[in-house]
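Student: Below is one structure. I have some questions about it.
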Amino acid sequence: MSELHIVNHPMIQHKLTIMRDINTGSKDFRELLEEISMLMGYELTRDLPLSEVEIETPMRKMKSKVISGKKLAIVPVLRAGLGMVDGLLNLLPVAKVGHIGLYRDHETCQPVFYYSKLPFDIEQRVVILCDPMLATGGSASDAIRLLKEKGCMTIRLMCLVAAPQGIDKVQKEHPDVDIYTAAKDDGLDGQAYILPGLGDAGDRIFGTK
């Protein structure tokens, strides 16, 4: 069964509170999302394997630890997931970046696929799939399914806020994918928006509403 990791570091919770506030503008919203993404990235990469190398400090030679060549990929779900990429790249500058385009049909609340561009060796990489909102779980589940069809074996889902319905769907359909979120919210409204949530993340990132 996949694990749910609620990353509740005080700095993350503080920044998330500001993001939730209706009075926070797009500029601050984008900057806070980037900062939280980097902070969450520390937790998400906690178990990356290490190997030992020999180096020489200004004082003497020593053996020390480095990440043991594990390849990483950051894959945002367009468009809101783009807001999480730069924060993760600050932490993981050698990671490759792919893109998956999905949008939610506002009448059916079902995800509609429209774009995919992934690194050529995506199946060899640990994939960090990122989308700020895990609401019904439909988009995340479909994106994970696409990645698995491309041969991906290790996928981690990273979101900012998650509804119980979305968590349940992903865990049921993809029990091998761990979920990392900064908050588990109460649920969904009649239009499948997260409550209390923070509104439409895409609109708030790009100032389109």
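Student: Could you list, in sequence order, all residues of segment 161-192 that are over 18 Å from Cys130 (Cα atoms) and either in contact (Cβ under 8 Å) with a residue 24 or more places away in the chain or of a type in the set (Phe, Trp, Tyr) (or both)?
Tutor: Once the filter is applied, which keeps residues that are over 18 Å from Cys130 (Cα atoms) and either in contact (Cβ under 8 Å) with a residue 24 or more places away in the chain or of a type in the set (Phe, Trp, Tyr) (or both), segment 161-192 yields Gly187, Leu188, Gln191, Ala192.
Student: Write out, first by first residue and then by second, each pair whose Cβ atoms fall under 8 Å of each other, whose residues are 6+ apart or on separate chains, and whose first residue, in segment 105-132, is within 18 Å of His174 (Cα to Cα) and in a helix (DSSP H, G or I) while the second is open to solvent by 100 Å² or more (accessible area, probe 1.4 Å) and of a type in the set (A, V, I, L, M).
Tutor: Matching pairs, first to second residue: Glu123/Met153.
Student: For segment 5-28, name all the residues that are under 19 Å from Asp185 (Cα atoms) and in a helix (DSSP H, G or I).
Tutor: Hits for segment 5-28 are Pro10, Met11, Ile12, Gln13, His14, Lys15, Leu16, Thr17, Ile18, Met19, Arg20.
Student: When segment 1-23 is examined, which residues are found to be without any contact (Cβ under 8 Å) to a residue 60 or more places away in the chain and either buried (at least 17 other Cβ atoms within 10 Å of the Cβ) or not polar (S, T, N, Q) (or both)? If you could, list the steps in order and put the result at the bottom.
Tutor: If we filter segment 1-23 for residues that are without any contact (Cβ under 8 Å) to a residue 60 or more places away in the chain, which is where we start, we get 9-11, 14-15, 17-18, 21, 23.
Within segment 1-23, His9, Pro10, Met11, His14, Lys15, Ile18, Asp21 qualify.
Conditions tested, residue by residue: (1) farther than 18 Å from Leu188 by Cα; (2) out of contact with any strand residue (DSSP E or B) (no Cβ under 8 Å at 6 or more places or on another chain); (3) of a type in the set (D, E, K, R).
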site	(1), (2), (3)
Val77	yes, no, no
Ala95	yes, no, no
Pro111	no, no, no
Gln124	yes, yes, no
Val170	no, no, no
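Student: Can you name the number of the only condition in (1) of a type in the set (D, E, K, R); (2) closer than 24 Å to Glu34 by Cα; (3) touching a strand residue (DSSP E or B) at 6+ places or on another chain (Cβ under 6 Å) that Asp86 fails?
Tutor: Condition (3) is where Asp86 drops out.
Student: If you check Gly197, Gly202, which single one turns out to be in contact (Cβ under 8 Å) with a residue 40 or more places away in the chain, of a type in the set (Gly, Ala, Ser) and within 19 Å of Val7 (Cα to Cα)?
Tutor: The unique qualifying residue is Gly197.
To keep it simple, each residue is scored yes or no on (1) modelled with pLDDT of 95 or more; (2) open to solvent by less than 100 Å² (accessible area, probe 1.4 Å); (3) closer than 21 Å to Pro119 by Cβ.
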site: Glu34; (1), (2), (3): yes, yes, no
site: Leu39; (1), (2), (3): yes, yes, no
site: Thr45; (1), (2), (3): no, yes, yes
site: Leu48; (1), (2), (3): no, yes, yes
site: Ser51; (1), (2), (3): no, yes, no
site: Ser68; (1), (2), (3): no, yes, yes
site: Ile74; (1), (2), (3): yes, yes, yes
site: Arg79; (1), (2), (3): no, yes, yes
site: Leu92; (1), (2), (3): no, yes, yes
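The values are calculated or read from the model by the stated rules, or taken from the named source; none is laboratory data. Worth saying up front: this structure is predicted, and the values here are computed from it rather than measured. Quick reminder, even Gly has a Cβ in these numbers, built from the backbone with ideal geometry, and neighbours come from all protein chains shown. Heavy atoms of the whole protein, side chains included, go into the accessibility calculation; ligands, DNA and RNA do not. Shrake-Rupley method; radii C 1.70, N 1.55, O 1.52, S 1.80 Å.
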